[in-house]
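First comes the structure, then the notes that go with it.
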Amino acid sequence: MQKAKKKILLLSWAIPPTIGGSSYVSYELAKGFSKDYLILVGGKKLFKKVEPIFREENKPAVYYLNSEINIKGHGDRFFKLFRYLLLPFLFIKLIYIARKEEITDFLVTFPDEYYLILGHLSAKLLNKKLHLYFHNTYLENRNGLALTFARFYQNVVFEHCSNFFTMSEGMTTFYRRNYPGLQAKVSTLPHTFSAYLPIESKISDQVFKFILFGTFNHSNIESTKRLLMVLSKVENVEVDIYTPINQSVLKYKWNLDVEVLGCNYHLSDPSKDIHLLIQKYDGCILTHGFTGGYSDDEYKTIFPTRTIPMMLSGRPILAHSPPDCFLSEFIEKNNVAMLITTMDLRNIEDSIRQFIRSFELRTQFVNNSRNALSYFYGKNVVEYLKKTIGED
């Protein structure tokens, strides 16, 4: 097989075994490429050993940078200064990797400023094309000194990049409207999945069992607490929570006491298949924050990555999301979930009861989800990326 002339270095702060949205997106995207067209580079904790994430012979090579410093996955902000002291050494390693692999293009993901700097400077030094892939907004979600730096640096990377990809149509619309200079560069590269998965039949008993999984932060914690509070008052309902966040952190940092709310807590195991896990449940819970520590623009453009495995699962989705955001717009347009956009507790409870009562309604959501998934299908997304960046 002839070696591809184009070779991309996909740089992502989070890649497996790290759990989270960016890790899932980067992994699923990389799966669609051969080793001759793309390599994957991401961060890992200092001194931590990792298992290979691709075992197939023709899948991309994976490299790790020792950029993450924390204690049991928490407290990163306390090591921020030391992390930046490591930047020159990681920069040298990234340059070495790019030269060794004969890279022609850098595809740099953001929500991490550290990796944005690493990718931008490496591409500039090596005189390679830079393509950006934003999962979140940057400037709009900064304040204080960080905002001052972002005002300068965002303009620099926007000017340098050849293509500017966003996670969702909502983000693309936002950047086209607010940054006219990006009009010719910006387009949507949705997070993806590599294959349609078999669905197991579920025989429901008298208890309706929900699964809620993923990380919890300012993007969803406020709506999560409200929905779980209402669910705790509905009879014959159980909620199991699977998250990499320690239960005490949920309680004392995020004020989410799963025991008080009657939920069953499970620490996520990254080695477990989330699709097989969901098959044990009657429905999925999807939450999107109405308010919190992020900017209004961030809340309007977020598209949670957990939406895709939920749509793939063959299980109906109960979604609690504000009315004026892209996620709600997507759900409403495609009718893929019971969408609750109100903060009124009584109305929320009424919607939950309707969701549980109506088998026909839940079946409709599942069928519509299956139909809407083609937009996110891996082969389609990969072909679009290749076409946009160029084959040669």
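The values are calculated or read from the model by the stated rules, or taken from the named source; none is laboratory data. Quick caveat, the model's predicted, so the values are computed rather than measured. Here Cβ is always computed from backbone atoms with ideal geometry, including for glycine, and neighbour counts include all displayed protein chains. Protein only, heavy atoms only, side chains kept; ligands, DNA and RNA dropped before computing areas. Shrake-Rupley method; radii C 1.70, N 1.55, O 1.52, S 1.80 Å.
Here are the numbers:
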{"quantity": "Residue within the range 171-193 that is closer than 21 Å to residue 26 by Cβ, in contact (Cβ under 8 Å) with a residue 40 or more places away in the chain and open to solvent by 20 Å² or more (accessible area, probe 1.4 Å) present", "calculated": "no"}
{"quantity": "Within the range 336-390, tally of residues that are of a type in the set (D, E, K, R) and within 27 Å of the chain's Cα centre (by Cα)", "calculated": "6"}
{"quantity": "Filter pass, residue 227 being at negative phi, part of a loop (DSSP other than H, G, I, E, B) and within 22 Å of the chain's Cα centre (by Cα)", "calculated": "no"}
{"quantity": "Any hit, the range 59-69, residues being among the acidic types (Asp, Glu), over 24 Å from residue 250 (Cα atoms) and either open to solvent by 30 Å² or more (accessible area, probe 1.4 Å) or modelled with pLDDT of 80 or more (or both)", "calculated": "no"}
{"quantity": "Options 54, 106: the member that is over 28 Å from residue 217 (Cβ atoms), under 24 Å from the mean Cα position of the chain (by Cα) and either at pLDDT below 95 or assigned to a strand (DSSP E or B) (or both)", "calculated": "54"}
{"quantity": "Residue within the range 111-127 that is open to solvent by 10 Å² or more (accessible area, probe 1.4 Å), acidic (Asp, Glu), more than 18 Å from residue 22 (Cα to Cα) and in contact (Cβ under 8 Å) with a residue 40 or more places away in the chain present", "calculated": "no"}
{"quantity": "Residue check, residue 102 open to solvent by 50 Å² or more (accessible area, probe 1.4 Å), charged (D, E, K, R) and touching a residue at least 40 places away in the same chain (Cβ under 8 Å)", "calculated": "yes"}
{"quantity": "Strands (runs of 3 or more DSSP E) enclosed by the range 256-358 - at least 3 residues per element that are farther than 22 Å from residue 191 by Cα", "calculated": "264-267"}
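The rows are residues; the columns are (1) outside any loop (DSSP other than H, G, I, E, B); (2) open to solvent by less than 10 Å² (accessible area, probe 1.4 Å); (3) of a type in the set (A, V, I, L, M, F, W, C); (4) over 15 Å from residue 101 (Cβ atoms).
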position: 24; (1), (2), (3), (4): yes, no, no, yes
position: 27; (1), (2), (3), (4): yes, no, no, yes
position: 30; (1), (2), (3), (4): yes, yes, yes, no
position: 35; (1), (2), (3), (4): no, no, no, no
position: 42; (1), (2), (3), (4): yes, yes, no, no
position: 49; (1), (2), (3), (4): no, no, no, yes
